[in-house]
Ligand SMILES: [Zn+2]
């Protein structure tokens, strides 16, 4: 399977790519859709076309930004140039233009897709830094600012590192203690762990998304080497996943 989806976003065209079904080899095997880590460009281009075909979106209308572990938003309106968004530093991409897809690249960080079911969609990239900076809430606020109703928003967290795998230093744990203490897992004599799923779930709910409309139980990228790339497990120079969501109803 090239993509996994979430029931939370039923009726909204979306997906989280896996590492399966592509043509890349070695550390990028096989469905690497990221361009930053040295894979053959023609293989990446081929993989992206396959993903777009499987996911039902138009590659020429896919908007992704330059992700910098922050909480800034890029809003795509009619006429926005994809190149311009690609060059702008943002970790949330939002649109309500029918047929337009927004996406984020990850390999352990948490991809968050949010939709209101009426065509307003957002894709957010939440590593620990972005999580602490409020990238989940930034996605919600951006959707509300273009007319979405908070109580109608649905959100899905995509494949990313689980709490068991995500050991952190004391200074990172301290950041989460301040913000979402329930996301910090401590055990006697061990380094702390952070639960990015719990943190982002809580932050989405705090921003007004109904708890029952958040899917915060994705697969773990690090636990499943057969299905997913993982930076923590394999280091740099690996493949990346793309998570995407398309404005407009599925099938429409
Ligand atoms: Zn794990």
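The values are calculated or read from the model by the stated rules, or taken from the named source; none is laboratory data. The structure presented is a predicted model; accordingly, all values stated were derived computationally and were not measured. Methodologically, a virtual Cβ is constructed for each residue, glycine included, from the backbone with ideal geometry; neighbour enumeration extends over all protein chains shown.
Observations
Okay, residues lined up against (1) over 16 Å from the mean Cα position of the chain (by Cα); (2) closer than 18 Å to residue 135 by Cα:
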| position | (1), (2) |
| --- | --- |
| 186 | yes, no |
| 190 | yes, no |
| 200 | no, yes |
| 212 | yes, no |
| 220 | no, no |
| 223 | yes, no |
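- Candidates 113, 143, 157: the one that is over 30 Å from residue 223 (Cβ atoms) and in contact (Cβ under 8 Å) with a residue 40 or more places away in the chain is 143.
- Flag if residue 93 is within 18 Å of the chain's Cα centre (by Cα) and either modelled with pLDDT under 95 or closer than 25 Å to residue 198 by Cβ (or both): yes
- Looking only at residues in the stretch 64-81 that are free of Cβ contacts under 8 Å to residues at least 40 places away in the same chain and under 21 Å from residue 241 (Cβ atoms), the one that is surrounded by the most Cβ atoms within 10 Å (Cβ to Cβ) is 65.
- Under the condition of being closer than 20 Å to residue 237 by Cβ and not in a helix (DSSP H, G or I), the residues counted in the stretch 28-63 number 12.
- Set 84, 61, 49: member being surrounded by fewer than 20 Cβ atoms within 10 Å (Cβ to Cβ) and within 16 Å of residue 16 (Cα to Cα): 49
- Every test in (1) assigned to a loop (DSSP other than H, G, I, E, B); (2) in contact with a strand residue (DSSP E or B) (Cβ under 6 Å, 6 or more places away or on another chain); (3) more than 28 Å from residue 217 (Cα to Cα) is passed by residue 99 save one, and that test is (3).
Okay, residues lined up against (1) under 16 Å from the mean Cα position of the chain (by Cα); (2) under 19 Å from residue 160 (Cα atoms); (3) crowded, with 24+ Cβ neighbours inside 10 Å; (4) free of Cβ contacts under 8 Å to residues at least 40 places away in the same chain:
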| position | (1), (2), (3), (4) |
| --- | --- |
| 38 | no, no, no, no |
| 43 | no, no, no, yes |
| 56 | no, no, no, no |
| 107 | yes, yes, yes, no |
